[in-house]
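*Asks:* Input: one structure, supplied below.
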Amino acid sequence: MGKGFTLIELLVAITIGMLVMGLGIVFLNNFYENQKVESTRQELMANLRLARNYAITNQFPTDSSADTDRVAVSIDNAGLMIIGTQISGNIGNDTTVKYNFFSKDITPKGVGVTFYGSGGTKIIRFSVTDGRLIGGTASIIINGVNTTKNIKIDESGLIYEK
């Protein structure tokens with residue numbers, strides 16, 4: 001008889017190979033989804049720190065008003081982040097950012113951002129005198145398929161992951 005593999009041996013080897021490849025694809029997809037959430041978290045934290053630095057160093061857009069006393073960050077439900085300034089008349093639940101530094105979509109497909117500002121507002125305000133958060137604390141939740149990340153901003157303006 002000739003040397004070689006039987007049909008059963010070949011089918012078993014092919015089945016095991018397909019099973020290993022299928023599991024590899026599942027793990028790769030999970031890794032990819034987790035990376036989207038992590039990159040969103042990193043970008044969001046970097047932009048929040050940038051906004052706080054604008055406030056601390058009193059950097060304002062060239063068209064901003066002289067009575068600007070806060071740098072504001074607004075994040076809507078679609079993931080659009082706007083960083084700009086507000087004048088002291090904009091208080092309470094007003095989410096209007098008057099003079100923009102920039103705006104950008106920070107959420108890739110499949111990633112959601114939920115924002116909880118102090119008192120239920122949808123805006124974060126950093127004081128231009130010391131970079132402190134105006135109105136208490138804020139929380140941001142970043143949700144992916146299998147991953148959730150939380151960002152917290154305390155009253156002192158410190159931005160960190162919970």
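So that you can scan it fast, the table gives a plain yes or no per residue for (1) of a type in the set (A, V, I, L, M); (2) under 15 Å from residue 70 (Cα atoms):
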position: 98; (1), (2): no, yes
position: 102; (1), (2): no, no
position: 107; (1), (2): no, no
position: 131; (1), (2): no, yes
position: 142; (1), (2): yes, no
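*Asks:* Is it true that some residue in the range 108-129 is modelled with pLDDT under 85, exposed (fewer than 13 other Cβ atoms within 10 Å of the Cβ), of a type in the set (D, E, K, R) and outside any helix (DSSP H, G or I)?
*Replies:* No: the range 108-129 contains no residue that is modelled with pLDDT under 85, exposed (fewer than 13 other Cβ atoms within 10 Å of the Cβ), of a type in the set (D, E, K, R) and outside any helix (DSSP H, G or I).
*Asks:* Return the pairs, sorted by first residue and then second, in which the second residue is surrounded by 10 or more Cβ atoms within 10 Å (Cβ to Cβ) and among the hydrophobic types (A, V, I, L, M, F, W, C), the first residue lies in the range 22-39 and is under 24 Å from residue 151 (Cα atoms), the beta carbons are less than 6 Å apart, and the residues are 6+ apart or on different chains.
*Replies:* 33/145; 36/111; 37/111; 37/142
*Asks:* Which condition number in (1) in contact (Cβ under 8 Å) with a residue 40 or more places away in the chain; (2) surrounded by fewer than 18 Cβ atoms within 10 Å (Cβ to Cβ); (3) more than 18 Å from residue 151 (Cβ to Cβ) is the one that residue 16 fails?
*Replies:* Just one mismatch for residue 16, condition (1).
The values are calculated or read from the model by the stated rules, or taken from the named source; none is laboratory data. Source: prediction; values computed, not measured. Don't worry about glycine lacking a Cβ; one is built from the backbone with ideal geometry, like all the others, and counts go over all protein chains shown.
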